[in-house]
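J.: After the structure tokens below, expect a handful of questions from me.
The values are calculated or read from the model by the stated rules, or taken from the named source; none is laboratory data. Keep in mind that this is a model prediction, so the values were computed, not measured. Cβ placement follows ideal geometry from the backbone for every residue including glycine, while neighbour counts extend to all protein chains displayed.
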Amino acid sequence: MNLDKVLKDEMRRLARSEVNRAVDPLKQEILELKRQDRLILSEKDELEKTLKVRDNGTTGDDNLHGNLGKRRVGPKSIRSQRRRLGLNLQEFAILIDVNQNSIFNWEHGTSKPRTAAVDKLIEVRKLGRKEARRIVEDKLNLSGSES
């Protein structure tokens, strides 16, 4: 009986040893595949971020040079910019040279400004209240004198 138990134990040990030899390379391969999967996922996330940034009106060059914050224009930023300058929809539209319905739609997220309008919105960020008011009045005077 003792010999029977010793033989069974030895057979189990040898079987485990063979299984481990067969499984260890597979475990290493699984670890390598998981590492590659993490790299692919992080690359995918970076590409999605770049795509999202481009959808918001920025270029890939802006992303490379770290100028993302300067080109980001969303509904909240447009509304806060207009309010900061103390302008109503019509005056803000005159300042940017667009229809006031466009401003309304941008502020409510119904539509997004085109690239040219985004460029003007970014330029307007540099203006103060008095300067913005003066520009609007000058444009109104020009359009009034042409009529």
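J.: Please state which of the following conditions residue 38 fails to meet, knowing it meets all the rest: (1) modelled with pLDDT under 90; (2) farther than 30 Å from residue 125 by Cα.
T.: Exception for residue 38: condition (1).
J.: Every residue in region 107-133 that is over 18 Å from the mean Cα position of the chain (by Cα), farther than 17 Å from residue 97 by Cα and not hydroxyl-bearing (Ser, Thr, Tyr), please.
T.: 108, 128, 129, 130 - these are the residues of region 107-133 that are over 18 Å from the mean Cα position of the chain (by Cα), farther than 17 Å from residue 97 by Cα and not hydroxyl-bearing (Ser, Thr, Tyr).
J.: What do you reckon, is residue 132 in a helix (DSSP H, G or I), among the hydrophobic types (A, V, I, L, M, F, W, C) and loosely packed, with under 14 Cβ neighbours inside 10 Å?
T.: For residue 132, the condition - in a helix (DSSP H, G or I), among the hydrophobic types (A, V, I, L, M, F, W, C) and loosely packed, with under 14 Cβ neighbours inside 10 Å - is not met.
J.: Further question: Across region 112-129, which residue is surrounded by the fewest Cβ atoms within 10 Å (Cβ to Cβ) among those that are in contact with a helix residue (DSSP H, G or I) (Cβ under 8 Å, 6 or more places away or on another chain), assigned to a helix (DSSP H, G or I) and charged (D, E, K, R)?
T.: 129
J.: Cβ-Cβ under 6 Å, sequence separation 6+ or interchain: first residue in region 115-126 and more than 14 Å from residue 75 (Cα to Cα), partner modelled with pLDDT of 90 or more and in a helix (DSSP H, G or I). Which pairs?
T.: 120/96
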